[in-house]
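The values are calculated or read from the model by the stated rules, or taken from the named source; none is laboratory data. Because the structure is a prediction, the values reported are computed rather than measured. Here the Cβ is made from the backbone with ideal geometry for all residues, glycine too, and neighbour counts use every protein chain on show. Surface accessibility is based on the protein's heavy atoms, side chains included, excluding ligands, DNA and RNA. Shrake-Rupley method; radii C 1.70, N 1.55, O 1.52, S 1.80 Å.
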Amino acid sequence: MTKEEFLGYRDKYQAKIEKIRQRAHELHENVNQIYGDDLPYGFHLDMVAEGVEEFGHLVCVREEDVLPIFFGAFFHDTIEDARQTYNDVMKEARKWLSEEQALMATEIVYALTNDKGRTRAERAGEKYYKGIRETPYATFVKLCDRLANVTYTCSVDCGKSGFRMKETYKSEMQHFLPALKAEDDDPRKRLPYEVVLAMAEVLIDEVDRDEVRRQWGEY
C-alpha cells in the first residue's frame, strides 16, 4: 500500500478514528493516569498514532485493517493501565468496527499488554514477545509505542531520568528488535526497518545506516 493510499483511508475514516481517540483518552483520564511528570496520558497515545500515520503504509495490506491499527495505537495500554479487560476492549471496538475488525483490534491490545512481573524483563519476557510476534500488526504498533517513548525521553524529558531511560532503550535494542521478528512472512507482522531507523535517529547522535544494521540487525 502506498502512503497516499493509507492516508486516504485515514481521512475516509477520520470521524471514527477521532471517536476512538477521544474514548481512549477518556479511559486513561478516568484512572488519573498521566504521562511523564504532568502530561495527560493522551499525549502519549497521540504520539503512537502519529507513528501509525507516518509508517502504517509499510505494513497495512488492505483498507479494512486501517481502523484496527489505529484502534490498537490508541487503546494499546487500556488493559494494562486503564483497568479494562479483554471483553471491555472488545465491547469498545464493536462501537466503531465490524466484528472481524474488532477482533483484530482487541487482539493487538491484548498482545501489547505486559505480563505480571517485578522488573521490565519479567513484564516483557519471551511469552509476551511471542504473543506480539504472532499477532497481526502488534509488532508494528509496539514499534510505534517504543518510538513515541524514545522520542519523548530524548526531546522532552531531558533530565537525569530521561538520560537513564535513553540509555536503557539503547541497550535494549539488541534484544528488543530480534524478539519482535516474526518467524513467518506475513506482511502484517513485518518489522519495518524505516521505524527502526527513526528510533536510531533519536537514540544515536550521528546515524550511519550500516552501523545501525551492524548493531541492531537487518530488518
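Only helices (runs of 4 or more DSSP H) whose full extent lies in the stretch 1-106 are considered here, and the ones with at least 2 residues that are under 28 Å from ARG123 (Cα atoms) and among the small types (Gly, Ala, Ser) are 42-55, 66-75. Taken over the stretch 19-40, residues that are hydrophobic (A, V, I, L, M, F, W, C), modelled with pLDDT of 95 or more and surrounded by fewer than 16 Cβ atoms within 10 Å (Cβ to Cβ) amount to 1. Answer yes or no: is there a residue in the stretch 139-153 that is modelled with pLDDT of 95 or more, closer than 20 Å to LEU197 by Cα, touching a Pro at 6+ places or on another chain (Cβ under 8 Å) and of a type in the set (Ser, Thr, Tyr). No, the stretch 139-153 contains no residue that is modelled with pLDDT of 95 or more, closer than 20 Å to LEU197 by Cα, touching a Pro at 6+ places or on another chain (Cβ under 8 Å) and of a type in the set (Ser, Thr, Tyr).
Consider the stretch 161-177 and keep the residues that are at pLDDT 85 or above and either outside any helix (DSSP H, G or I) or aliphatic (A, V, I, L, M) (or both). The one that is nearest to GLY131 (Cα to Cα) is LEU177. With the condition kept exactly as written, say whether any residue in the stretch 153-173 is surrounded by 22 or more Cβ atoms within 10 Å (Cβ to Cβ) and of a type outside the set (Ser, Thr, Tyr). Looking through the stretch 153-173, none of the residues is surrounded by 22 or more Cβ atoms within 10 Å (Cβ to Cβ) and of a type outside the set (Ser, Thr, Tyr). Restricting the stretch 91-133 to residues that are of a type in the set (Gly, Ala, Ser) and at pLDDT 90 or above, the residue that is surrounded by the most Cβ atoms within 10 Å (Cβ to Cβ) is ALA105.
Apart from one condition, LYS16 fits all of (1) open to solvent by 60 Å² or more (accessible area, probe 1.4 Å); (2) within 23 Å of LEU180 (Cβ to Cβ); (3) not acidic (Asp, Glu); the exception is (2). Among the residues of the stretch 134-144, the ones that are in a helix (DSSP H, G or I) and either surrounded by fewer than 19 Cβ atoms within 10 Å (Cβ to Cβ) or among the small types (Gly, Ala, Ser) (or both) come to 1 in all.
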